[in-house]
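Worksheet: one structure, shown below.
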Amino acid sequence: MNIQAKPSVFFPFNNSYARLPDRFFARLKPSPVRAPKLIRLNGALAEHLGLDPETLSSPEGIEIISGNRVPEGAEPLSMAYAGHQFGNWVPQLGDGRAILLGEVIDQNGVRRDIQLKGSGQTPYSRMGDGRAALGPVLREFIVGEAMAALGIPTTRALAAVTTGEQVAREQLLPGAVLTRVAQSHVRVGTFQFFAARGDEEALRLLADHVIGRHYSDASRSDRPYRAMLDAVIARQAQLIARWQLVGFIHGVMNTDNMSIAGETIDYGPCAFMDSYHPETVYSSIDQAGRYAYSNQPGIAHWNLAVLAQTFLPLLAEDEDVAVAEAQEAINEYPELFKAAYLEGIRAKLGLVQERDDDADLAQGLLNRMGENKADFTLTFRRLCDVSAVDSSTDGAVRELFEDPAGFDDWAERWRERLNQEDSSDDRRQLAMRAVNPALIPRNHLVEEVIKAATEAEDFTPFNTLMSVLASPYEDKPEHDRYSRPPRPEQVVHQTFCGT
Ligand code: AMP
Ligand code: MG
């Protein structure tokens, strides 16, 4: 009889960041936890990464994703980086509670980081305990996976475990560890870290690493670093446009929380808007509203200007030439963002042709939504059911406006515009439903899930929400509760980092 041994290789690691010089990171192991328990394993993602879901959710697998055991082939390390936090320069940040286990190549041939978050103190922990509370881990899991389902570039959640230990925040809370997957964890702040030290060699090595992983086209350019900078700027413009188009508010757009690969990263006090208002802020730590919804495009521009500054030594030997190059690159951003946003908002409104006043038409709707506290997601979703020829179909969207008449004159203008297009209601509505989600991770639902998990160790609401959010563009009657805006008493006004 041939008894097969259990596979001992959990991750087919193929590490590259660990090959960079020592000053890029600190090598260390995760700190063990007392009694790890699996909350959820993302089986589809595991398979995409070439991992076996069953092995990963076995007791030995759980030892690994809780940080109790370092798997074969892992080269655990915490990355060094710096950053501007709320505009203030912090020369040394780094992974204060995260450890990169290593990299694997996914089914598409894309290299992906496997990182534990909440895995204990590191040399970069400063005053922190290196741990994560259950609530923020669940929020990152839910919102990150929801973003992925919406088709928006993001880091992913592979697994979450509770640790059997408590972490001290304003109160004692259950601890948890998230296994996070990213195209890389290199941030704008990683470049700042070396630029601030005048370490040109490291900047060049880092840029080459990033080009190899994320911007291979740039390597074929005769000016690879300029090409990489342009490409990073273009990806960020796309990303922020996607956020704006679904009403996502990151909450902490510090330069250390901006991925060089153009993925949404570091979900902290983030949230999706319910009723539309451009100045919406949820983060409890953002008193001045620096990272308000309407500021996000401008903040990204600011962060990219910081990145461009770090590129100066790579762009040209002559400083004036380098500055001119950097300026040229950064000046592209506003138009790139505008174009990406316009393309997206046209699609949301069911417009195929481009007209000069499309932006004005869209703004007209947003202004009325703002004045009438209309729900962002549902307004666009219900607009999908409206006919271009029959205003009697307006009822469901009208009722989202405090004063439904606020919708009517805009709708008239919109219909005029639609009727200039060569389309049918059916075709347009189908296309609109593919870009206007019915389901987003609404704050009150996320809070409800966190409360059940934290207070009663009940993960059923979490798992249910995860499966509901997996198909955000599908209307299902049984998901009605999840698509509805919060009742007044359910509205969440603030979200917390919990760090
Ligand atoms: P964040 O705002 O979560 O992106 O974190 C900003 C910085 O604080 C990063 O350097 C984190 O690694 C660090 N940090 C956040 N929470 C903790 C913690 N509980 N222990 C140690 N470092 C932390
Ligand atoms: Mg961060």
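The values are calculated or read from the model by the stated rules, or taken from the named source; none is laboratory data. Treat the numbers as computed from the prediction; the structure is a model and nothing was measured. Note: ideal-geometry Cβ built from the backbone for every residue, glycine included; neighbour counts use all protein chains shown.
Some observations on this one:
- Evaluation of residue 158 against (1) more than 16 Å from ligand 2 (Cβ to nearest atom); (2) out of contact with any strand residue (DSSP E or B) (no Cβ under 6 Å at 6 or more places or on another chain) (one fails), failing number: (2)
- Of all residues in the range 247-263, those being more than 12 Å from ligand 2 (Cβ to nearest atom) and within 12 Å of the chain's Cα centre (by Cα) number 5.
- Of everything in the range 64-106 that is hydrophobic (A, V, I, L, M, F, W, C), in a strand (DSSP E or B) and more than 22 Å from residue 254 (Cα to Cα), the residue that is nearest to ligand 1 (Cβ to nearest atom) is 77.
- Residue within the range 268-278 that is crowded, with 23+ Cβ neighbours inside 10 Å and within 16 Å of ligand 2 (Cβ to nearest atom) present: yes
- Filtered residues of the range 443-499 (kept if in contact with a strand residue (DSSP E or B) (Cβ under 6 Å, 6 or more places away or on another chain) and within 16 Å of ligand 2 (Cβ to nearest atom)): 495, 498
- Residue count for the range 473-499, restricted to those that are under 24 Å from the mean Cα position of the chain (by Cα) and either in the same structural domain as residue 380 (by TED's automatic domain parsing) or within 16 Å of residue 271 (Cα to Cα) (or both): 13
- Among the candidates 409, 394, the residue that is surrounded by fewer than 14 Cβ atoms within 10 Å (Cβ to Cβ), acidic (Asp, Glu) and either farther than 16 Å from residue 475 by Cβ or free of Cβ contacts under 8 Å to residues at least 60 places away in the same chain (or both) is uniquely 409.
- Residue list for the range 4-48, filter: among the β-branched types (Val, Ile, Thr) and at pLDDT 95 or above: 33, 39
- Qualifying residue in the range 454-464 (condition: surrounded by 14 or more Cβ atoms within 10 Å (Cβ to Cβ), aliphatic (A, V, I, L, M), at pLDDT 95 or above and in a helix (DSSP H, G or I)): no
- Search result, residues across the range 100-132 that are surrounded by 16 or more Cβ atoms within 10 Å (Cβ to Cβ), more than 19 Å from residue 42 (Cβ to Cβ) and of a type outside the set (Ser, Thr, Tyr): 120, 121, 129, 130, 131
- Residues in the range 252-297 that are more than 16 Å from residue 142 (Cβ to Cβ), at pLDDT 95 or above and within 11 Å of ligand 1 (Cβ to nearest atom): 252, 253, 254, 255, 256, 257, 258.
- Residue within the range 123-131 that is assigned to a strand (DSSP E or B), more than 18 Å from residue 16 (Cα to Cα), within 14 Å of ligand 1 (Cβ to nearest atom) and in the same structural domain as residue 23 (by TED's automatic domain parsing) present: no
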